[in-house]
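The values are calculated or read from the model by the stated rules, or taken from the named source; none is laboratory data. Being a predicted model, the structure only gives us computed values, none of them experimental. Here the Cβ positions follow ideal geometry from the backbone for every residue, glycine too, while neighbour counts run over all protein chains shown.
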Amino acid sequence: MLRPGLAVVFVAWSVAWAATATPAATTLAFDVTVAGSQSTVVTGVRRTVDDLGCTLRRADAERQTLTFTTRRPGRLTALRGRAASTRVALAVRATGERRRTTTIAGTASDCDVAPQTSETTCGPSSFAANATVALPSFGSVRLSGAPLRSRDGSRCTTAAARPRAFLVASAGRFSSRLLTDPTATRIVLRGDARFVDTLASDARRVTTVRWTVTLRRLS
């Protein structure tokens, strides 16, 4: 089984400003789009000894990559002091890679074998999903999501350890004045989250989620 992972989340932002100021609206409305990727990498090493006394070392590296873009924007309406959220329809593309390198060592002549490497690939495969963009408060953002069909999230999956369910939730903070400043017409929030787990076998699973949430002001 997996030991709990550690998440490290960073959020950065950029803004497009209007040339002239307009009165601040009581209710704030935005069109919301989402894009990004979720990558799972599992690495591990296994050692066994055969009947000749040769030590076999198998180093495995597996990767699942899910890239996502917006199929249909969401509409987010926010009021200061209240949480707000919207759903964004996503198109997801899945690919996968597996690589195994086997080396043999030992004193017997039969152990003198050159390293062997095998590689396989998966995909690309596409499926639909939904992302939820939430503003728990002004100045905080949270992104999560799920495939429309639960089995789609495991396309091009890794074998040594199942990937975390798509889309792994992550959250961060940004300058709250961007939401209330009417001259901030387009707010681009960029998140980078990293989760690390270790298997009982000492294999390592690293999940990296990078996303861009764009808020285009409507009022």
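Only one entry of 101, 158 meets the criterion of being β-branched (Val, Ile, Thr), at negative phi and in a strand (DSSP E or B), and that entry is 101. Of all residues in the stretch 192-205, those satisfying the criterion of being more than 10 Å from the chain's Cα centre (by Cα) and part of a strand (DSSP E or B) are 196, 197, 198, 199, 204, 205.
Residues in the stretch 143-163 that are touching a residue at least 40 places away in the same chain (Cβ under 8 Å) and either hydroxyl-bearing (Ser, Thr, Tyr) or surrounded by fewer than 19 Cβ atoms within 10 Å (Cβ to Cβ) (or both): 152, 157, 158, 159, 160.
Among the residues of the stretch 174-191, the one identified as over 21 Å from residue 67 (Cβ atoms), among the small types (Gly, Ala, Ser) and either in contact with a helix residue (DSSP H, G or I) (Cβ under 7 Å, 6 or more places away or on another chain) or not in a loop (DSSP other than H, G, I, E, B) (or both) is 184. Whether any residue in the stretch 165-173 is in a loop (DSSP other than H, G, I, E, B) and in contact with a helix residue (DSSP H, G or I) (Cβ under 8 Å, 6 or more places away or on another chain) is what I want to check. Yes, because at least one residue in the stretch 165-173 is in a loop (DSSP other than H, G, I, E, B) and in contact with a helix residue (DSSP H, G or I) (Cβ under 8 Å, 6 or more places away or on another chain). Among residues of the stretch 83-104 being at pLDDT below 95 and β-branched (Val, Ile, Thr), the one that is farthest from the chain's Cα centre (by Cα) is 104. Restricting the stretch 176-202 to residues that are modelled with pLDDT under 90 and among the hydroxyl-bearing types (Ser, Thr, Tyr), the residue that is farthest from residue 32 (Cα to Cα) is 201. In the stretch 173-181, the count of residues that are among the small types (Gly, Ala, Ser), out of contact with any Phe, Trp or Tyr (no Cβ under 9 Å at 6 or more places or on another chain) and either closer than 17 Å to residue 86 by Cα or in contact (Cβ under 8 Å) with a residue 24 or more places away in the chain (or both) is zero. Working only within the stretch 206-219, note down all residues that are of a type in the set (S, T, N, Q) and under 22 Å from the mean Cα position of the chain (by Cα). Answer for the stretch 206-219, where residues must be of a type in the set (S, T, N, Q) and under 22 Å from the mean Cα position of the chain (by Cα): 207, 208, 212, 214. Screening the stretch 64-98 for residues that are outside any strand (DSSP E or B) and out of contact with any helix residue (DSSP H, G or I) (no Cβ under 8 Å at 6 or more places or on another chain) and picking the one that is nearest to residue 28 (Cα to Cα) gives 79. On the basis of being in contact with a Lys or Arg (Cβ under 7 Å, 6 or more places away or on another chain) and free of Cβ contacts under 8 Å to residues at least 60 places away in the same chain, does residue 138 make the cut? Answer is no for this residue. Surrounded by fewer than 16 Cβ atoms within 10 Å (Cβ to Cβ), farther than 30 Å from residue 117 by Cβ and at pLDDT below 95: is that true of residue 80 in this structure? When the stated conditions are applied, residue 80 passes them. Of all the numbered requirements in (1) of a type in the set (A, V, I, L, M); (2) part of a strand (DSSP E or B); (3) over 23 Å from the mean Cα position of the chain (by Cα); (4) surrounded by fewer than 18 Cβ atoms within 10 Å (Cβ to Cβ), residue 113 misses one, and that requirement is (2).
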